Number of protein chains: 2
Amino acid sequence: MAKDSKTTSSSMEWRMTMPDNSSTRAEQCVEWQVTVPEGSTVKVEHETGVVARAWAWLVRFLVMMKDKFVGFFKNVWKLGVDDPRKVMHGFKVGLALALVTLFYYTRPLYEGVGGTTMWAVMTVVVVFEYTVGGCLYKGFNRATATATAGSIALGVHWIAHQSGKQFEPVILSSSVFLLASAATFSRFVPTIKTKFDYGITIFILTFSLVAVSGYRVDDLLQMAQQRFSTIAIGIIICLFVCIMIRPVWAGQELHLLIVRNMEKLATSLEGCIEEFFDDDSNSEKGRSQKSLGYKAVLNSKASEESQANLARWEPRHGRFGFRHPWSEYLKVGISMRYTAYCIEALNGCINSEIQAPNSVKECLSDECKKLVTQCAMVLKELSKSIKEMAQSSSLDLLVYDMNMAVQDLQDALRSLPSQLQEKAQVQNVATMPLMEVLPVITVASLLTEISVRIEGIVDAVDSLRELAGFKPVSDDKPEKASTSNDETKKTIEVI
Amino acid sequence: MAKDSKTTSSSMEWRMTMPDNSSTRAEQCVEWQVTVPEGSTVKVEHETGVVARAWAWLVRFLVMMKDKFVGFFKNVWKLGVDDPRKVMHGFKVGLALALVTLFYYTRPLYEGVGGTTMWAVMTVVVVFEYTVGGCLYKGFNRATATATAGSIALGVHWIAHQSGKQFEPVILSSSVFLLASAATFSRFVPTIKTKFDYGITIFILTFSLVAVSGYRVDDLLQMAQQRFSTIAIGIIICLFVCIMIRPVWAGQELHLLIVRNMEKLATSLEGCIEEFFDDDSNSEKGRSQKSLGYKAVLNSKASEESQANLARWEPRHGRFGFRHPWSEYLKVGISMRYTAYCIEALNGCINSEIQAPNSVKECLSDECKKLVTQCAMVLKELSKSIKEMAQSSSLDLLVYDMNMAVQDLQDALRSLPSQLQEKAQVQNVATMPLMEVLPVITVASLLTEISVRIEGIVDAVDSLRELAGFKPVSDDKPEKASTSNDETKKTIEVI
């Protein structure tokens, strides 16, 4: 067996003795002694037979494949354990399909829909989505598109039939060409794309099939009726299984995503500042993980939008009414991303190569930490308020405190030059070291900007609260706080 | 007709005379004179009949509908004019479908594939995608999934048939349940989702159809063979039309997207700084539009990823080989987004309420503008280099200049306190107004961070250049610049 070894640690002596009877295969017995200088590479190649080498390759290949498979299945297993609803979804699709096959094995049902059960199978496979909203969206699109395209195709067919045998193929083919072209182009229109993308595929498909097949099949109307009823059966089975067995609501998913992301934003903001001001590097990694939570917010645009689109199709479920203002969640998401961009820049500054000395950091440490704590408290309160769908009694007070913290930080910044001057005098340095102060000032400035953006989140959540009708609070405490809060805002604007 | 009028400009006298014979409808003849004070509202309501009101409502409704339709079609028309390839795509789909209908009208062809032409229509409708990569991805997935699922289904069928009439439905139904469940769950695995999502849908569909339909149809093998050949015909027609007539390559789209976004990044960076330092607000709007180009970079993650996924399926086209390193484009995209986050924060600081007085801005104006110009030049050079797929001879020099500009800015920051002290003495102010300097310092600090992130883009493009084999430059100028550049980097790091 070829052996490839690299010494990495130190100069060493390598001795190996292999007794005659230890090997049963075509390997040769060897005894050797090598002195290897530091850092060099030794490659020993044996003259082994082709069979042995092939065997070795095979063993290594199998081990590698085994490792890959084991790794893959471990990942898949973890996926299932982390979110058992995904496994459940698999079983639900299986169940819906098994229910459809009943139509094949139960003769009366089979004859009732006339052998076009294929369409029911197809409907279940393509309509069954993870969320109820997805199912409803696809089911509605499929049903309406089939009905519309079917009726138009019948109309075109009738016209073609009236024009005589000669023109029939021409009219049918050109109608397919024109309608398919127009429908395909319409998919590029954003509003149509969002709501009817799947419907247009089905429209083109049904129209082409009906328009063309009519040339061969005599009783088109009966066929259309059969096909529509099988598709309806498929959709009903889908919706039944999807809604009755552990439903996953797109709306609720969106709601939870926003709540979770809000908490992550709070945690990562705290993590960033801890990283910047605290020197002791124990639990460095855990903190670093914590401070990267904002990345989830940066990357959740696509899932927020798709979930909001699907949530619109959903009926009343849990605490969400039929016309729940899902688009407001998108606005909250946008304002959160807006804050996350700033946290990203803050993170960049904190991890940059130019670092302020601890003595300078100390001057603003308390104020920065206090502001971040207040910001995080506002975010957590917002998250709690959305989660419980209840107005928060302490939110206005917390925003007020956050703004006070901003003011404190600005006061501290104002007195920073004199503080530094004192320090410089103690250290007998003439000029003020602006370059050393720079990172701290930038961090303070970005924190101020972040607090402004958090107020944007507060506004977005406020409009969500109004439109979604969050449970009101009973005491009149917040009213007072709100007034003083507005005053503070003005004060700060004047500054 | 009810008339609702609001005076907005000034106090006025309003006189209206309507002669008897001017109206043929149920309107009453009126003559009135009103003197309206400034800013007040006049609402004159006639006692008209129900018919007249309904008519008025109908007219208004029709006008509104007309406006909506006209607006919608203007938008659609603009969409087509802006990117005629989208219109072309519509016609291509129409053409492919028209070609398939030939199978219906040409009897020999029709009999050759035995009446299952439906599958060819269906294949064209679902496989035809905008880009060649999309077509190939779906075509490959459909073909392999149909073949695999078909053979497994035949095997299961044989086993079920051997077990006797009683067990046949049980075995078939449970196999559908198990395979559909497993396949559906596997779609949640990210690697499978990216490459085979569509294939799995087709796998479940084909397996269910074949496994179930065998209970009724005798000659399963022949049916499977027919279906496969029609699907193959559909795929071949799709690919033929898609590749032969004005093909849209996902790879090229990705390439152009990255080039365009890089330019937008440069322009918006320049726009932001112009906005900050220039006071004259003429062409304010155009500049604002310009400075928001980075938003395109922030939002292009999804399209970059999907295009890179599809580009992998494409054969050699234009200057892109079969194994062109598409994933490197994604890395360039990530580093660009990383820079865009920082530009976003910069934009936030620039538009914030706390603004530095012009006298303070002046101190750093030249250095900041110079740095931004250098940053933009580097970005534009990178964009040009990617666009032409050629190594840039001046890039290293430009990066060197950018780093020099960073150093200049830092020098200016170092001398800022003394400059401000002078100014304060001139204005007879005792303390240094740190709060007034804050925005400028933050902007300078963010610009430094942006230049660091641009170096990240340079590295990403460099690794793309290496793997994609950009055309080399002939002169040896860059080598020199590169060395001095490394030295500068070190100098700056030491600072």
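If each label sits 7 angstrom from Cα along the C-beta direction, how far apart, in nm, is residue A:407 from its counterparts in the other copies?
The projected label point of residue A:407 is separated from its counterparts by 4.6 nm.
Given the protein chains as shown and a 1.4 Å probe, how many square angstrom of residue B:88 are accessible, to the nearest 10?
60 Å²
Convex hull over the Cα atoms of the range B:321-396, averaged projected area in nm²? Present the calculation step by step, with values, prior to reporting the outcome.
On the way: hull surface 27.3 nm².
Hull-based average projected area comes out at 6.8 nm².
Considering all alpha-carbon pairs of the range B:115-162, what whole percent are spaced by more than 15 angstrom?
For the range B:115-162, the share of Cα pairs beyond 15 Å comes to 59 percent.
With a sphere of radius 11 Å drawn around the Cβ of residue B:322, what net charge do the other residues whose Cβ falls strictly inside it have (Lys, Arg +1; Asp, Glu -1)?
Counting the neighbours of residue B:322, the net charge comes to +2.
Over the Cα atoms of the range A:350-435, what radius of gyration and what Dmax do you get, in Å?
For the range A:350-435, the Cα radius of gyration and maximum Cα-Cα distance read 17.8, 59 Å.
Given +1 on the Cβ of Lys and Arg, -1 on the Cβ of Asp and Glu, and no further charges, what dipole in debye does the range B:241-373 carry about its Cα centre, rounded to the nearest 20?
Magnitude of the dipole: close to 940 debye.
Which cross-chain or sequence-distant (5 or more) residues have an amide H under 5 Å from the amide H of residue B:317, H modelled 1.01 Å from N in plane?
The answer is none.
List the distances, in nm and shortest first, from the label point of residue B:418 to the matching label points in every other copy, placing each point 7 Å from Cα along the Cα-to-Cβ direction.
Those label-point separations list as 2.5 nm.
Which value, in Å² and to the nearest 10, is the accessible area of residue A:195 when all protein chains are kept and the probe is 1.4 Å?
100 Å²
For the range B:58-180, divide the Cα radius of gyration by the Kirkwood radius and give the resulting Rg/Rh value with two decimals. Present the calculation step by step, with values, prior to reporting the outcome.
Details: Rg = 23.5 Å, Rh = 19.3 Å.
With Rh from the inverse mean 1/r over Cα pairs, Rg/Rh is 1.22.
Just order A:316-328, A:123-135 by mean Cβ neighbour count inside 10 Å, highest at the front, would you? Please report the intermediate quantities before stating the final value.
Details: A:316-328: 15.5, A:123-135: 24.3.
Averaged packing, sorted descending, gives the order A:123-135, A:316-328.
Averaging over all projection directions, find the projected area of the Cα convex hull of the range B:61-100 and quote it in nm² with one decimal place.
The directionally averaged projection comes out at 3.6 nm².
Farthest toward the dipole's positive end in the range A:356-408, which of A:390, A:403, A:372, given Cβ charges of +1 (Lys, Arg) and -1 (Asp, Glu) about the Cα centre?
A:390
I need the inter-copy label distances for residue A:164: point set 7 Å along Cα to C-beta, values in nm with one decimal, smallest first.
6.5
Sort all Cα-Cα distances of the range B:204-276 into consecutive 5 angstrom bins from zero, then give the percent of pairs in each bin up to the one containing the longest distance.
So the P(r) values, bin by bin, are 3, 12, 11, 10, 9, 8, 8, 8, 7, 6, 5, 5, 4, 3, 1, 0.
Semi-axes, largest first, in whole Å: what does sqrt of 5 times each Cα gyration tensor eigenvalue give for the range A:158-202?
Numbers: eigenvalues 177, 16, 8 Å².
Semi-axes, largest first: 30, 9, 6 Å.
Distance cut-off 30 Å, Cα to Cα: go down the list B:66/B:301; B:264/B:471; A:370/B:264; A:74/A:264 and report the pairs above it.
B:66/B:301; A:370/B:264
Near residue A:334, within a Cβ-to-Cβ distance under 12 Å, what is the net charge of the other residues, with Lys and Arg +1 and Asp and Glu -1?
Result for the neighbourhood of residue A:334: +1.
The values are calculated or read from the model by the stated rules, or taken from the named source; none is laboratory data. Quick caveat, the model's predicted, so the values are computed rather than measured. Quick reminder, even Gly has a Cβ in these numbers, built from the backbone with ideal geometry, and neighbours come from all protein chains shown. Ligands, DNA and RNA are stripped out before the accessible areas are found, and what is left, the full protein with its side chains, is counted by its heavy atoms. Shrake-Rupley method; radii C 1.70, N 1.55, O 1.52, S 1.80 Å.
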